[in-house]
Amino acid sequence: MPIYELEGFEADDVLGTLSKQASEQGIETVIVTGDADMMQLVTDNTKVLYPKPRGSFGDADLYDAAAVLAKYEIKPENIADYKALKGDPSDNIPGVKGIGEKTAVKTHSAIR
């Protein structure tokens, strides 16, 4: 199994680039991660295997675009906007004051 790393870039940046390149070539890709930010990379050719809360990868869900929409009520390509609105302490994103998950989904749906 090859190992990819690029100085100055985080692992999720490298994974994102490789999955996008693979998807553009029609290669089916599964990203195995505990980082929910990777849901934004889901396409017809890219899926995310994500562990259930307090679970392990032996107890994980495979997310395609429909599963992302069902869980977050937004499409994968809108995950970054959603997190910018509601905030994400794990990534030091403050969000917009007074906007939580429900309002971020509602607001995002209204502006797209």
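The values are calculated or read from the model by the stated rules, or taken from the named source; none is laboratory data. Remember, it's a predicted structure, so these values are computed and weren't measured experimentally. Every residue, glycine as well, gets a Cβ built from its backbone with ideal geometry; the counts of neighbours run over all protein chains shown. With ligands, DNA and RNA removed, areas are computed over all heavy atoms of the protein, side chains included. Shrake-Rupley method; radii C 1.70, N 1.55, O 1.52, S 1.80 Å.
Data for the structure
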{"quantity": "Residue in the range 8-24 that is open to solvent by less than 50 Å² (accessible area, probe 1.4 Å), part of a loop (DSSP other than H, G, I, E, B) and more than 18 Å from Lys83 (Cβ to Cβ) present", "calculated": "no"}
{"quantity": "Some residue of the range 86-104 being modelled with pLDDT of 95 or more, in contact with a Leu (Cβ under 9 Å, 6 or more places away or on another chain), on the phi < 0 side of the Ramachandran plot and not acidic (Asp, Glu)", "calculated": "no"}
{"quantity": "From Ala110, Ala80, residue being in a helix (DSSP H, G or I), among the small types (Gly, Ala, Ser) and at pLDDT 80 or above", "calculated": "Ala80"}
{"quantity": "Selection count, the range 1-29, where residues are in contact with a helix residue (DSSP H, G or I) (Cβ under 9 Å, 6 or more places away or on another chain) and closer than 25 Å to Ile74 by Cβ", "calculated": "8"}
{"quantity": "The range 34-61: number of residues that are open to solvent by less than 20 Å² (accessible area, probe 1.4 Å) and part of a loop (DSSP other than H, G, I, E, B)", "calculated": "1"}
